[in-house]
Amino acid sequence: MESSRRANPPENDFALLSTMDNLSRRQWEYVEEKYIARTQKCVPDKFLEMCHMHLAFLLDLSGDKLEQLLTTDNDSQNKKKLALGNAVNVFKKYKEKPSGLFGVPITEEGVSLMLPLIRFLKTEQNICKEGLFRKPGNRSRMNTLRETLIVQGTATRLDPEVYTPYDVAGVLKEFLRDLPEPLLTDKHMEAHRQIQEFGVNAKTEEALQRSGKKRLSALQLLMLLMPSASRKITLQMLWLLQRVSDCPETLMTPETLATIFAPIFFVDRKLEPQQMHDAVCKAEPALAFMIEHAHLLFKAPVELVVDLANYWNDLETGSPLTSEVCNKGQIRKSTSGRTLNTNVCYLDREASRCANEASNTQAELGRLYAHINSLPDTPHNLRIKKQLMKATTTPTGSASGKRHARSKSIGASIK
């Protein structure tokens with residue numbers, strides 16, 4: 001009976017979403033395909049809007065920070081790549097011209113050439129080698145493998161009689177190290193810097209768990225927003241590093257692996273050595289967290305899935321949103337403007353619908369209220385939250401009060 005329940009997803013999607021933490025892998029794939037993949041394919045702009053909005057509730061992404069995260073201007077990206085190309089790359093131990101594979105921005109072709117290296121390292125006889133990624137490979141064999149990858153491409157054959165796991169791990173590290181920008185992209189570095197501060201001032205176990213959940217949600221959203229090629233190689237690398245750390249024979253923990261890979265994942269290639277050292281020290285715990293949670297990092301946050309489920313449910317039931325379904329089943333943008341319905345700010349769907357019909361002032365107050373409540377529990381922020389709670393509490397009736405019977409407090413307006 002249990003196996004039959006897991007084999008077939010429940011008919012009621014919202015009942016399924018209410019037990020998201022207990023989903024089997026098959027059920028999660030069903031949910032992700034139905035809502036995440038469907039929205040990415042049919043209405044990519046709506047998907048990006050939703051992800052950015054959820055991320056904005058977790059991070060301070062106002063002004064230039066938000067613009068940097070949202071920008072898709074190819075010219076600005078080209079200028080950044082040019083600047084990176086002219087900068088001194090302290091990651092390289094020797095000078096060489098870009099080969100078309102090493103030292104160039106990550107591409108789908110580059111990912112396809114690195115996947116055989118990752119698969120080679122994942123095999124049972126290689127994954128548990130002591131000091132994998134820490135011990136160096138043979139330089140002569142590594143150079144041969146690099147040249148073979150450049151010349152033969154996907155036809156390259158990794159002969160275990162010729163190359164050791166340390167040789168292959170060394171070439172994989174060189175490919176990632178020679179990228180002109182961090183693996184997690186320059187575009188998202190401000191968001192990652194803010195995520196690194198989550199839980200810094202937490203003093204209780206409950207506060208640590210809350211900040212950890214918030215950190216995971218923010219990272220999941222950033223993974224969804226990454227360019228396709230970067231996301232694929234990041235996913236494969238984090239899964240590989242998690243398997244290495246799970247194998248006791250390697251003597252490699254998430255922390256030791258983070259020390260090796262933090263510059264590759266996080267650090268701006270243009271930094272001076274001292275700045276780079278400081279950035280790596282801050283990034284190491286963040287990468288260790290990502291390695292430990294690699295099995296969860298590439299799922300979507302529950303709140304986002306619920307919002308997308310509500311979005312598609314409204315479309316299918318004919319509710320007026322910012323888009324409508326054409327006769328052929330395609331999505332056509334409405335002329336009524338942009339409206340985002342979300343369960344992040346409001347406790348239930350009806351409250352969200354009413355809030356979207358309210359004035360712009362009330363909508364802004366709602367965003368402010370949600371943002372302040374999502375701030376870390378530092379002494380300064382706690383004072384702000386306390387003041388907000390005083391200001392937003394609806395007073396009880398009083399004989400001496402001169403308040404109009406139909407007037408509302410700020411908190412009542414927000415709710």
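Restricting to helices (runs of 4 or more DSSP H) lying wholly in segment 181-290: which have 1 or more residues that are more than 27 Å from Glu130 (Cβ to Cβ) and among the hydroxyl-bearing types (Ser, Thr, Tyr)? Give the steps one after another, and end with the answer.
Working: elements: 189-195, 205-225, 228-246, 254-266.
Passing ranges, in order: 205-225, 228-246.
Considering only residues of segment 271-307 that are more than 15 Å from the chain's Cα centre (by Cα) and farther than 24 Å from Thr185 by Cβ, which is modelled with the lowest pLDDT?
Of everything passing the filter in segment 271-307, Val306 is modelled with the lowest pLDDT.
Scan segment 122-142 and give yes if some residue there is β-branched (Val, Ile, Thr), open to solvent by less than 30 Å² (accessible area, probe 1.4 Å) and assigned to a loop (DSSP other than H, G, I, E, B), otherwise no. So that I can check it myself, show each step before the final result.
Narrowing segment 122-142 to residues β-branched (Val, Ile, Thr): 123, 127.
Going one step further and asking which of them are open to solvent by less than 30 Å² (accessible area, probe 1.4 Å), we end up with 127.
Narrowing the set further to residues that are assigned to a loop (DSSP other than H, G, I, E, B) leaves none.
The answer is no; no qualifying residue exists.
So, Lys214, is that one in contact (Cβ under 8 Å) with a residue 12 or more places away in the chain, under 20 Å from Ala279 (Cα atoms) and surrounded by fewer than 20 Cβ atoms within 10 Å (Cβ to Cβ) or not? So that I can check it myself, show each step before the final result.
Working: in contact (Cβ under 8 Å) with a residue 12 or more places away in the chain: yes; under 20 Å from Ala279 (Cα atoms): no; surrounded by fewer than 20 Cβ atoms within 10 Å (Cβ to Cβ): yes.
Against the criterion (in contact (Cβ under 8 Å) with a residue 12 or more places away in the chain, under 20 Å from Ala279 (Cα atoms) and surrounded by fewer than 20 Cβ atoms within 10 Å (Cβ to Cβ)), Lys214 does not qualify.
Identify, from the list Leu113, Leu84, Leu176, Leu101, the residue that is outside any loop (DSSP other than H, G, I, E, B), modelled with pLDDT under 90, surrounded by 13 or more Cβ atoms within 10 Å (Cβ to Cβ) and not small (Gly, Ala, Ser).
Values: Leu113 fails: modelled with pLDDT under 90; Leu176 fails: modelled with pLDDT under 90; Leu101 fails: outside any loop (DSSP other than H, G, I, E, B).
Of the residues listed, the single one that is outside any loop (DSSP other than H, G, I, E, B), modelled with pLDDT under 90, surrounded by 13 or more Cβ atoms within 10 Å (Cβ to Cβ) and not small (Gly, Ala, Ser) is Leu84.
When both residues are 6+ apart or on different chains and their Cβ atoms are under 7 Å apart, which pairs have a first residue that lies in segment 165-186 and is hydrophobic (A, V, I, L, M, F, W, C), and a second that is open to solvent by less than 10 Å² (accessible area, probe 1.4 Å) and in a loop (DSSP other than H, G, I, E, B)?
Pairs found: Ala169/Leu132; Ala169/Phe133; Phe175/Phe102; Leu176/Leu183.
The values are calculated or read from the model by the stated rules, or taken from the named source; none is laboratory data. Keep in mind the model is a prediction, meaning the values are calculated, not measured. So basically every Cβ, Gly included, is an ideal-geometry build from the backbone, and we count neighbours across all protein chains shown. Remember, those area values only see protein heavy atoms, side chains included, never the ligands or the DNA or RNA. Shrake-Rupley method; radii C 1.70, N 1.55, O 1.52, S 1.80 Å.
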